[in-house]
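All remarks here apply to the structure that follows.
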Amino acid sequence: IGTGIFSTPSSILSSVGSVGASLLLWVLGFLLSFCGLFIWLEFGTMFPRSGGEKVYLEAVYTKPKYLATVIFAVNAILLGFTAAGCIVFASNILVAAGQVAGRWTERGIALGVIFFVTLLHGLTPKTGILFMNALSIFKIVILLFVVISGWVVLSGKTRVADPHVNFRNAFAGSSTSSNDYATATFKVLNAYAGWSNVNYVMNNVRDPEEIDASGVTVAALFFKNVFGSVAERALSVFVALSALGNVITVTFAASRVNQELAKEGIPLPFGNKFWASNWPTGKSPLPGLIIHLIPSVIIILGPPPAVAYPFILDVEGYPQQIINFFIVIVSLS
């Protein structure tokens, strides 16, 4: 479950222009992600090693040699950042603290997050995994709480005066531009992102066959309208922790992908032996984490804070879905 689940609904609604259209896209995103999950499970059991899409593209598209590897490497290294989650954490922490996000305040907090996560996984891998698992469970609990809160609001037993107002003429004002729906769909898929993360770390999975059988602060505004300002600040902390969990999880997976790319011989400065290693602990790829750190820092510092999050969603969305498309068409052939 991606960080966008708490942060993209307002942007999606703004893109398509109506509540009804945005809800249909959320249903479509769920169906696409569910289908993708089963396709990636199939590939994961066929090729049980770390790398995810890299492994599957190389196995299917063998000619020209290294073409699939290079295309995936460019996307993974240059666009495989977790800047979005860091920005969501920063903005929600500032809301919880009652502070206005300054030009460098939000960036400074976001930078602190990505450096903390890099050192966490690089120097204390076991602690990083504990954090990752605990915050993943926490995110699911918060999501269930939001869903139940929505049902309570619809029952009419809260401070919301007219809980059904959004469902009257639900499609009024819907956009007629296909571009708006395409962009919004990518943002929906960003919110569902995460179902393929396990495929990036298959070397850390002991028995894949057994497992196969077995608006950045929009969430805070929701709780403010339903429960009041105190709840808004409390939920902002919860969403920030959820975003931190996402950053920890994605960074863990991305570092393993970068390590696999280094092992394949993708040209990297200072020689590939270092970047493919588990230096310095022997248990976690800090060099791969550094590869992930660099573009994340650039993206956090580059765009103005006000447009950074939607910019990241748009930049990340297209290349990743194109790669996913070429994997899916193989499974259908």
_Contact order relative to length of region 1-140, as percent, for alpha carbon pairs under 8 angstrom and 6 or more apart_ = 14 percent
*Based on the alpha-carbon gyration tensor of the chain and its eigenvalue square roots a ≥ b ≥ c, which shape applies: rounded if a/c is under 1.5, prolate if not and a/b is larger than b/c, or oblate?*
prolate
*Backbone HN-Hα couplings from phi across region 315-324 [Karplus 6.51/-1.76/1.60, Hz, Gly and Pro as x]*: 5, 6, x, 4, x, 5, 6, 5, 4, 4
*Please order 247, 160, 16, 27 by the number of other Cβ within 10 Å, starting at the fewest.*
27, 160, 16, 247
*Among 50, 18, which comes first, second and so on when ranked by fewest other beta-carbon atoms within 10 Å?*
18, 50
*Among the lysines, which have Cα under 25 Å from the Cα of residue 157 when same-chain residues fewer than 8 positions away are ignored?*
224
*In the chain, with Lys and Arg counted as +1 and Asp and Glu as -1 at Cβ, which of these residues, 101, 241, 56, has the Cα nearest the positive end of the dipole, that is, farthest along it?*
101
*Report the calculated FRET efficiency for residue 162 and residue 67 (r = Cβ-Cβ distance, R0 = 41 Å), to the nearest 0.05.*
0.15
_Applying a 10 Å radius around every beta-carbon, put 28-34, 92-98 in order of their mean neighbour count, most first._
92-98, 28-34
*Proxy reagent accessibility, fewest Cβ within 10 Å first, across 281, 249*: 281, 249
*Between region 18-76 and region 133-188, what's the alpha-carbon centroid distance in Å?*
26 Å
*Kindly write out, for region 83-92 in residue order, the coupling ³J(HN,Hα) from the Karplus curve 6.51 cos²θ - 1.76 cosθ + 1.60 (θ = phi - 60°), rounded to whole Hz, with x marking Gly and Pro.*
4, 4, x, 5, 5, 4, 4, 4, 5, 6
*Mean residue ellipticity at 222 nm from the helices of the chain, using -39,500 (n - 2.57) per DSSP H segment of n ≥ 4 over the full residue count, to the nearest 500 deg cm²/dmol?*
-24000 deg cm²/dmol
_List residues of region 253-296, by number, whose backbone nitrogen lies under 16 Å from a label position 7 Å along Cα→C-beta of residue 59._
none
*With +1 on each Lys and Arg Cβ and -1 on each Asp and Glu Cβ, and nothing else charged, work out how big the dipole of the chain is about its Cα centre, in Debye to the nearest 20.*
560 debye
*Any idea how far apart residue 290 and residue 170 come out in nm if each label point goes 7 Å out from Cα toward Cβ?*
5.2 nm
_Leading residue at positive end of dipole, region 4-332 (Cβ point charges), from 257, 125, 199_ = 125
*Efficiency by 1/(1 + (r/R0)^6): what FRET value for residue 328 and residue 27, r their Cβ-Cβ distance, R0 = 22 Å, to the nearest 0.05?*
0.70
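Bear in mind that the values in this text are calculations on the coordinates, not laboratory data. Given the structure is predicted, the values throughout are model-derived calculations rather than measurements. We place every Cβ from the backbone using ideal geometry, glycine too, and count neighbours over all the protein chains shown.
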